[in-house]
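Right, one structure below, let's go through it.
The values are calculated or read from the model by the stated rules, or taken from the named source; none is laboratory data. Only a predicted model underlies this, so the values are computations on that prediction, with no experimental measurement involved. Note that we place each Cβ from the backbone using ideal geometry, even for glycine, and neighbour counts take in every protein chain shown. Just so you know, the surface numbers come from the protein's heavy atoms only, side chains and all, with ligands and any DNA or RNA stripped out. Shrake-Rupley method; radii C 1.70, N 1.55, O 1.52, S 1.80 Å.
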Amino acid sequence: MQKNFFAGLTIVFLGVAIATPALPAGNLAKQEPIGVRVDLGSNDGDLKFVPDSLTFETGRLYKLILSNPSNAKHYFTSPGLAAKVFTRKVQIVEGGHTLAEIKGAIREVEVYPGATAEWWFVPVSTGKLHDLHCHITDEDGSTHAEKGMIGTILIE
């Protein structure tokens with residue numbers, strides 16, 4: 001009887017070991033970041049994210065470089081992304097120099113004309129997100145998202 005009990009435990013333990021996801025080893029904060037650049041708008045006035053489809057992998061450190069070549073301010077907003085990443089910091093960069101660092105929970109990043117911000121994060125949960133948008137409202141009352149400034153994010 002006792003022999004069968006231990007055999008059953010072994011199967012349960014193996015099932016748990018197989019079902020448990022592998023976790024990355026080492027200090028995630030000391031990884032070299034993977035740079036991903038996104039232009040917010042364009043210098044010819046197009047309201048779009050370039051690229052408008054982004055892919056990230058869990059457990060990897062990313063430096064999302066948000067550059068605004070346009071003449072208007074834009075938001076990089078994705079509540080889904082904010083919920084699925086650990087934010088290390090957001091940096092404000094000018095002329096290759098870091099002017100400021102913001103730490104803590106980030107929900108959106110506003111980037112002024114000609115400026116660049118860097119959002120450093122590690123994705124911790126997978127999913128396909130369809131909520132990337134810029135919700136700046138123009139004088140005509142419509143948002144940049146309504147005019148096509150939307151995108152998708154895949155976290156694998």
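Tallying residues that are out of contact with any helix residue (DSSP H, G or I) (no Cβ under 6 Å at 6 or more places or on another chain), of a type in the set (A, V, I, L, M) and open to solvent by less than 20 Å² (accessible area, probe 1.4 Å) within the range 113-125 yields 1.
Being open to solvent by 60 Å² or more (accessible area, probe 1.4 Å) and out of contact with any Pro (no Cβ under 7 Å at 6 or more places or on another chain): is that true of PHE86 here? Considered against the rule, which asks whether it is open to solvent by 60 Å² or more (accessible area, probe 1.4 Å) and out of contact with any Pro (no Cβ under 7 Å at 6 or more places or on another chain), PHE86 comes out as yes. Listed conditions (1) at pLDDT 95 or above; (2) surrounded by 12 or more Cβ atoms within 10 Å (Cβ to Cβ) are all met by LYS128, apart from (2).
Within the range 129-143, can one find any residue that is in a strand (DSSP E or B), among the β-branched types (Val, Ile, Thr) and within 19 Å of the chain's Cα centre (by Cα)? No, the range 129-143 has no match at all.
Residue under question is GLU110, and the condition is that it be part of a strand (DSSP E or B) and surrounded by 14 or more Cβ atoms within 10 Å (Cβ to Cβ); does it hold?
Values: part of a strand (DSSP E or B): yes; surrounded by 14 or more Cβ atoms within 10 Å (Cβ to Cβ): yes.
So GLU110 fits the description; yes.
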